[in-house]
Amino acid sequence: MWVSLAAIIVVASAIGIGIMLAISWFPAQGSNVAPKIDTFWNVLIVVSVPIFVSVVTMMLFSIWRWRQRPGEEGLDGPPIHGSTKLEVIWTIIPTIIIAALSTYAAILLLDIQAAPAKGTRVVNVNGIQFAWNFETKTDAGPVKSNLLYLPVNEPVTFDIRSKDVIHAFWVPAFRMQVDAVPGITTSYSLTPTKVGSFDIVCAELCGLGHAYMRSTVTVLPPARYKAVMAGLAHASAAVGGSK
Amino acid sequence: MASKIRQAGWYRALAFTILGIAVCIGLSTGLRAAFGLNPVYDGTAVLQISLLMVPIFFLGGIGCFDYWLRWASGRKVVDDHADHGAKSWKDYFKVNTDHKVIGIQYICVSFFFMFVGGLMAMLVRAELAAPGRQFVDPNTYNGLFSVHATLLIFLFVIPVFAGIANYVLPLMIGAPDMAFPRLNALSFWMLPLAGVMMLLSFLAPGGSFAAGWTAYAPLSVDAPIGQAFFTIAVQFAGASSIATALNFLVTIITMRAPGMTFFRMPLLVWANFSTSLLVVIATPFIAASQFMVLLDRALGFNFFNPAGGGDVLMYQHVFWFYSHPAVYIMMLPGFGIISEVLATRARKPVFGYRMMAFSLLAIVLLGFTVWAHHMFVSGMPNWVRIPMMATTAIIAIPTGIKIFSWVATLWRGVLKMDTPMLWATGFIAMFTLGGISGVMLAMVPLDIHVSDTYFIVAHIHYVLFGGSLFTIFAGIYFWFPKMTGRMFNEKLGKIHFWLTFVFFNLTFAPMHLIGVQGMPRRVSDYAEQFATWNMIISISSFILGLSSLIFLYNMVASWRSGPKASSNPWNSLTIEWQVSSPPPIFNFDTIPSVVGGPYEYGVPGAVHAIVGDPAKDLVPAGAGATEGHS
């Protein structure tokens with residue numbers, strides 16, 4: 001019985017893990033943080049599936065094996081009140097798993113929230129109801145725009161603010177998110193690693209237009225980025241840097 | 001007519017309500033005139049004051065304060081139990097001091113709001129079935145999901161557990177009623193009042209409250225007057241909850257039958273004891289958060305206004321300091337219900353009873369240390385994130401102990417897989433999934449990506465629907481015969497379970513995926529790429545919603561004309577099953593005497609309690625109590 005149960009659990013877990021890992025969960029990996037988060041997710045799946053499979057297998061097995069059969073209506077089960085050994089095992093093993101996952105997560109967190117190097121480009125992100133405004137200082141002058149442009153493979157720090165209500169600045173492809181909070185400046189840093197256009201999504205309910213508070217970040221090769229920003233700096237100056 | 005208004009009841013409640021509105025108008029216009037404010041009549045000001053004061057007039061009119069006011073004024077009071085017990089259906093619509101009547105009142109009102117809130121969820125899913133606008137504008141949509149969540153949390157899950165416990169707990173501990181029956185009645189009556197207030201918000205100028213059930217400042221401070229309906233209704237629901245919890249604590253501590261030590265209490269009692277501790281300590285914090293919002297809104301205070309020296313994040317800290325324990329308030333009673341159902345239907349003691357009790361207390365304690373896991377991306381200082389991640393992860397351990405112990409309870413039992421048992425075992429599977437997604441969310445690096453996305457919506461519904469609601473159904477089916485004296489239709493019960501189980505998973509499982517892929521929550525519209533999954537989810541949710549009608553039909557039809565139930569159809573050992581179905585008005589002729597543990601299945605001749613005539617009513621555990629198979 002125990003061997004068959006173990007076999008079922010191992011096989012079902014393997015199938016479960018296989019399916020779960022095969023699913024394409026995440027959008028494109030657009031930043032240096034993305035592969036780390038995606039790997040962490042895979043680890044979480046590999047740990048979680050066997051736990052779920054074990055619980056459900058033991059439960060379904062019990063239901064199948066010890067279902068009340070005709071004639072057993074008046075019967076009771078054995079008066080088993082507990083087992084200290086079992087209690088210790090199923091307290092210690094989860095503790096180890098939790099401790100291991102938390103340690104991994106803490107190290108990963110310290111890595112991704114590490115202070116950026118001096119001289120990292122700063123982009124000021126302003127959330128208002130219901131749009132994003134970006135302001136970058138460039139050699140050609142400040143650039144203000146509703147669309148975000150970034151050079152690939154160069155670190156960037158986002159300083160995020162809001163004047164009205166709480167918004168959240170989230171770029172799914174970058175895997176980083178933080179609220180835009182009136183009264184404080186929040187920030188995070190990362191390095192975009194993929195050329196392309198990615199969604200910017202507001203992820204904190206901010207009122208009527210919350211669903212539409214979206215923008216786009218376009219990550220460009222450095223030369224192209226310089227050219228685009230020069231053009232935008234010219235335009236920003238022309239309109240007096242409004243918005 | 002005059003006598004109808006002088007007696008406690010609906011006529012007087014109506015009259016007092018009208019009087020209350022008049023008083024509020026008078027107060028508002030009088031004060032505004034005295035301060036030289038123009039215009040003297042301001043609808044918003046009147047509404048604001050009315051929301052606070054008119055409910056109290058209503059409660060007075062319906063009769064919640066009569067006895068106390070009479071006593072306080074020095075007049076003679078008569079303790080004749082005239083308002084105790086239900087002799088006709090009309091008694092269920094009055095102030096009644098019988099815990100059994102109050103329990104049923106709670107359960108029926110809660111389910112009413114469940115259906116209303118559930119209907120709102122259907123409208124939400126109808127709007128989300130395809131990208132673009134289908135039926136409602138964004139403001140209405142935001143209102144729908146806000147009222148949906150608020151009703152289901154404060155007007156369904158929290159009170160229905162209070163109602164089930166109200167009914168069952170005094171019987172289970174061998175008590176004639178709760179410690180404070182009149183307070184119990186007041187607790188109940190604050191509830192429909194809160195629910196009506198929330199629904200009335202749809203009529204307010206600017207629409208219903210629409211800042212989510214979390215009502216973050218500054219959005220809730222800036223919102224139109226509909227928000228005030230939430231701010232104040234939550235106070236009444238909270239007061240109801242606190243008073244009930246106080247009642248449970250005193251009842252459990254002081255009114256257990258002789259011989260019922262703490263470690264001979266059934267786990268439902270332990271669960272409600274733990275929950276009540278959570279409620280009395282935590283609920284004042286949501287009251288505080290809403291009072292601060294109210295003061296900012298109505299009187300121009302600056303709690304959450306940075307320009308005035310306020311702190312936006314403080315709202316979240318105060319709010320979540322309650323609202324995290326709130327999720328345990330919404331789950332722990334369910335844990336107790338599952339222990340009762342599993343032990344009785346598996347004919348085995350609950351495995352590891354002491355650890356089950358201690359794990360409840362551990363969850364209570366730890367539950368106060370994790371609130372900031374709702375704020376990982378809020379902009380609070382980074383250093384708080386790691387300790388909060390640690391404490392959140394640690395809670396998985398007592399919770400895991402419970403899940404493993406329940407499975408071990410099934411092991412080698414004699415399992416009758418009827419409706420309550422299906423819900424209980426379904427719960428174990430679904431809650432394990434919800435708990436796993438919870439541990440994933442505890443891990444900050446992942447949470448940074450999936451915060452405020454459909455991954456969160458998936459998690460909360462796995463633990464609240466697959467968790468709490470499954471236990472509620474288990475409990476309702478399990479104690480239905482005791483409460484109504486009739487048996488429900490078993491076949492319909494099974495159909496209800498299977499439809500719910502399948503379509504619940506089809507509705508909420510895909511949400512994990514679209515959340516990680518990039519769909520935020522609380523949005524009336526979304527990017528094209530999520531269209532297919534949203535359509536699948538919406539259609540599944542409609543069938544899920546329809547399946548609840550089977551439950552409704554079963555309950556109503558069985559209550560009216562189901563086959564009569566015996567006192568102990570499940571052959572359970574706990575005390576509530578040793579009296580008639582439904583129980584006598586005052587529960588017991590003589591106080592029962594507890595002589596053993598509550599789960600002594602499998603021990604021939606074991607008795608938990610001696611109830612009534614010892615010669616007649618002794619119910620030994622299982623006739624032929626050794627296991628019939630190895």
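A convex hull fitted around the alpha carbon atoms of chain B yields 169 Å³ per residue.
Would you list which lysines come within 24 Å of residue B:348, measuring only between C-alpha atoms, while excluding same-chain residues fewer than 8 positions from it? Candidates past the 8-residue exclusion: A:85, B:402, B:416, B:482, B:494. The residue list A:220, A:74, A:89 was ranked by how far each Cα lies along the charge dipole of chain A toward its positive end, using unit charges on Cβ atoms, and A:220 comes out on top. Compare A:230, A:115, A:99 in a GNM of chain A, Cα atoms joined below 10 Å, and give the one with the largest fluctuation. Ranking A:230, A:115, A:99 by mean-square fluctuation puts A:99 first. Here the simple spin-label model places points 7 Å from the Cα toward Cβ, and for residue B:382 and residue B:31 these points are separated by 4.7 nm. Only the Cβ atoms of Lys and Arg (+1) and of Asp and Glu (-1) were treated as charged; on that basis the dipole of region A:133-243 about its Cα centre amounts to roughly 240 debye. Counting only Cβ charges, +1 for Lys and Arg and -1 for Asp and Glu, the dipole size of the protein assembly as shown around its Cα centre is about 480 debye. How large, in Å, is the protein assembly as shown by the Kirkwood hydrodynamic radius built from its alpha-carbon pairs? Hydrodynamic radius (Kirkwood, Cα only) of the protein assembly as shown equals 29.0 Å.
Pairs of Cα atoms nearer than 8 Å and 6+ residues apart set the relative contact order; for region B:276-411 it is 26 percent.
Counting Cβ atoms of other protein chains within 10 Å of each residue's Cβ and taking the mean over peptide A:62-74 gives 6. Cβ-to-Cβ counts within 10 Å put B:490, B:576, A:72 in ascending order as B:490, A:72, B:576, the fewest first. As a proxy for reagent exposure, ranking B:24, A:202, B:108 by other Cβ atoms within 10 Å from fewest up yields B:108, B:24, A:202. Among B:175-185, B:343-353, the peptide with the highest mean count of other Cβ atoms within 10 Å heads the list, and the full ranking is B:343-353, B:175-185.
The mean number of partner chain beta-carbon atoms within 10 angstrom of a residue's beta-carbon across peptide A:160-173 is 4. Report the antiparallel proportion of the DSSP beta bridges in chain A as a percent, rounded to a multiple of 5. Once the DSSP bridges in chain A are tallied, antiparallel ones form about 70 percent. Structural descriptor for chain B: relative contact order 13 percent, calculated from alpha carbon pairs under 8 angstrom and at least 6 residues apart.
Peptide B:200-213 shows a mean partner chain C-beta count of 1 within 10 Å per residue C-beta. Going by the alpha-carbon gyration tensor, a ≥ b ≥ c the square roots of its eigenvalues, is region B:331-565 rounded (a/c under 1.5) or, if a/c is not under 1.5, prolate (a/b greater than b/c) versus oblate? Cα axes put region B:331-565 in the oblate bin.
Ordering of B:143-155, B:355-367 by packing is B:143-155, B:355-367, highest average first (other Cβ atoms within 10 Å, averaged per residue). Of all beta bridges that DSSP places with both ends in region A:121-238, some 70 percent have antiparallel geometry. Per the Cauchy relation, a quarter of the hull surface: what is the mean projected area of the convex hull of the alpha carbons in region B:2-72, in nm²? Mean shadow area of the hull around the Cα atoms is 5.6 nm². Report summary: the helix-based calculation at 222 nm, which adds -39500 (n - 2.57) for every DSSP H run with n ≥ 4 and divides by the residues of chain B, gives -21000 deg cm²/dmol. Helices that extend 15 Å or more along their long axis by alpha-carbon positions and average at least 1.0 on the Kyte-Doolittle scale are, among the DSSP H runs of chain B, B:10-34, B:43-62, B:99-128, B:158-172, B:181-200, B:226-254, B:267-299, B:332-346, B:353-367, B:385-410, B:419-442, B:531-561.
Straight-line cross-link partners of residue B:4 among the lysines, defined as a Cα under 18 Å from its Cα and at least 8 positions apart when in the same chain: B:90, B:94. Going by the alpha-carbon gyration tensor, a ≥ b ≥ c the square roots of its eigenvalues, is region A:121-238 rounded (a/c under 1.5) or, if a/c is not under 1.5, prolate (a/b greater than b/c) versus oblate? Because a/c hits 1.5 or more and a/b exceeds b/c, region A:121-238 counts as prolate. Treating cross-link reach as a plain straight distance, find the lysines whose alpha-carbon is under 26 Å from the alpha-carbon of residue A:36, omitting any fewer than eight places away in the same chain. Partners found: A:118, A:194. What share of Cα pairs, in percent, lie more than 20 angstrom apart in region B:243-385? In whole percent, the share of Cα-Cα pairs in region B:243-385 beyond 20 Å is 58. For chain B, a simple Cβ point-charge model (Lys and Arg +1, Asp and Glu -1, everything else neutral) yields a dipole of about 1000 debye relative to the Cα centre.
With neighbours defined as other Cβ atoms within 10 Å of a residue's Cβ, the residues B:275, A:95, B:399 order from fewest to most as A:95, B:399, B:275. A Förster distance of 22 Å, applied to the separation of the beta-carbon atoms of residue B:535 and residue B:115, puts the FRET efficiency at 0.35. Shape class for region B:16-160: oblate, because the ratio a/c of the largest to smallest gyration tensor axis (alpha-carbon atoms, square roots of eigenvalues) is 1.5 or more and b/c is at least a/b. Each other residue within a Cβ distance under 14 Å of residue B:63 adds +1 if Lys or Arg and -1 if Asp or Glu, for a net charge of +4.
No lab work stands behind these numbers, since they all come straight from the coordinates. Everything numeric here is computed off the predicted structure, so don't read it as measured data. Cβ atoms come from the backbone with ideal geometry, glycine included; neighbour counts cover every protein chain shown.
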